[in-house]
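Working notes, beginning with the structure itself.
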Amino acid sequence: SRVFGRVVDAKGVAVRGARVELHAVISPWSPEEQRERFEVASDATGKFELLVPTPTSDWVSLWIRPSSYLDIAARDFGPAGGRKRPRLVRGDNDLGTFELQSTGA
């Protein structure tokens, strides 16, 4: 599966170097995959891309952790805990643009 998107600040300026983490919560990622976490940093245009095995876990969580001057973003996937969120699917998963607000740190 290809999971991708873009990270910008409140003014629409690309956020470079934001740490993007994708991990299974509670259950394993899949029977074939022992790793529980995949990680990448956003590039100079704010884009990120993770190439991962298609998860079978009922709960997968994405976290975006930029510098201390911008807020953290998170998104969950899968039905676990009554969330009834769409799962990540085989193929492309375009997560769109994450707009991070200033924290004033």
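The values are calculated or read from the model by the stated rules, or taken from the named source; none is laboratory data. As the structure is a computational prediction, the values presented were derived from the model and not from experiment. Using ideal geometry, Cβ is built from the backbone for each residue, glycine included, and neighbour counts are taken over all protein chains shown. Accessible surface is based on the protein model in full, side chains and every heavy atom, while ligands, DNA and RNA are left aside. Shrake-Rupley method; radii C 1.70, N 1.55, O 1.52, S 1.80 Å.
Just one of (1) assigned to a loop (DSSP other than H, G, I, E, B); (2) at pLDDT 95 or above; (3) open to solvent by 70 Å² or more (accessible area, probe 1.4 Å) trips up Glu49, so point out which. Only one criterion is unmet by Glu49, namely (1). Condition first: open to solvent by 80 Å² or more (accessible area, probe 1.4 Å), β-branched (Val, Ile, Thr) and in contact (Cβ under 8 Å) with a residue 24 or more places away in the chain. Can you find one or more residues in the stretch 18-31 that meet it? Within the stretch 18-31, one or more residues are open to solvent by 80 Å² or more (accessible area, probe 1.4 Å), β-branched (Val, Ile, Thr) and in contact (Cβ under 8 Å) with a residue 24 or more places away in the chain.
Residues that are of a type outside the set (Phe, Trp, Tyr), open to solvent by less than 70 Å² (accessible area, probe 1.4 Å) and farther than 27 Å from Thr103 by Cα are absent from the stretch 59-77 altogether.
So that you can scan it fast, the table gives a plain yes or no per residue for (1) modelled with pLDDT of 95 or more; (2) not in a strand (DSSP E or B):
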{"residue": "Glu32", "(1), (2)": "no, yes"}
{"residue": "Thr56", "(1), (2)": "no, yes"}
{"residue": "Ser68", "(1), (2)": "no, yes"}
{"residue": "Val89", "(1), (2)": "yes, yes"}
{"residue": "Gly96", "(1), (2)": "yes, no"}
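A Cβ distance below 8 Å, combined with a sequence gap of six or more or placement on separate chains, defines the contacts here; from the stretch 56-68, residues that are without any contact (Cβ under 8 Å) to a residue 24 or more places away in the chain reach no residue that is open to solvent by less than 50 Å² (accessible area, probe 1.4 Å) and of a type in the set (Gly, Ala, Ser).
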